[in-house]
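For reference, the structure is listed below as structure tokens.
The values are calculated or read from the model by the stated rules, or taken from the named source; none is laboratory data. Quantities reported herein were computed from a predicted structural model and do not represent experimental measurements. All Cβ positions, glycine included, derive from the backbone under ideal geometry; neighbour counts span all protein chains shown.
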Amino acid sequence: MSGTLNKVMLIGHTGDDVKMHYFEGGNSIGRFPLATNETYVNKTTNERVTNTEWHNIIVRNKAAEICEKYLKKGDMVYIEGRLKTRKWQDDKGMDRYSTEVHCTDFTFLTPKGSGNETPQNNPGQNVQKPQATQSSQAAKSITEEEDDLPF
């Protein structure tokens, strides 16, 4: 196989609000932690064990602004993106590495008005839904028109 694939899909809860950084030229970047959980039963002790994995999520430009506006700590979100590892040096000059998920697509999964949000604070979920609402209204009108047929 000559091609390669770098794709990550995560569903988890945000560990903090989105932290924004703005650059000259109008570009921006948003960062937030995402927690995913793995739960299983230990066969020797019959205890339920939950392991939490933390992921560093990076969102850019307009997507970052949308996430900052509508994502709050504890919200559930679907993230799709690519893994990237950065190398940097700490205060002591030691090389450090951090792996990040550079988000290319996301979907808010926390329902409007649940948790610590008020209903008007989460219209971001409606960004993709107006088309669905319009098509469902069109389907209703078609159904109503069909009901008016004499046969």
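Here are the numbers:
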{"read-out": "Pairs with Cβ under 6 Å, 6+ apart, first in the stretch 67-96 and without any contact (Cβ under 8 Å) to a residue 60 or more places away in the chain, second surrounded by 14 or more Cβ atoms within 10 Å (Cβ to Cβ) and aliphatic (A, V, I, L, M)", "value": "Cys67/Val18; Cys67/Val59; Glu68/Val18; Glu68/Met20; Leu71/Val18"}
{"read-out": "Residue in the stretch 33-55 that is in contact with a Cys (Cβ under 8 Å, 6 or more places away or on another chain) and surrounded by 10 or more Cβ atoms within 10 Å (Cβ to Cβ) present", "value": "no"}
{"read-out": "Flag if Ser28 is of a type in the set (Gly, Ala, Ser), more than 14 Å from Phe106 (Cα to Cα) and at pLDDT below 95", "value": "no"}
{"read-out": "Candidates Val8, Val18 - the one that is surrounded by 10 or more Cβ atoms within 10 Å (Cβ to Cβ), over 15 Å from Glu80 (Cβ atoms) and among the β-branched types (Val, Ile, Thr)", "value": "Val18"}
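Let's see how each residue does on (1) of a type in the set (S, T, N, Q); (2) at pLDDT 90 or above; (3) not in a helix (DSSP H, G or I):
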residue	(1), (2), (3)
Ile57	no, yes, yes
Ala64	no, yes, no
Arg86	no, yes, yes
Thr104	yes, yes, yes
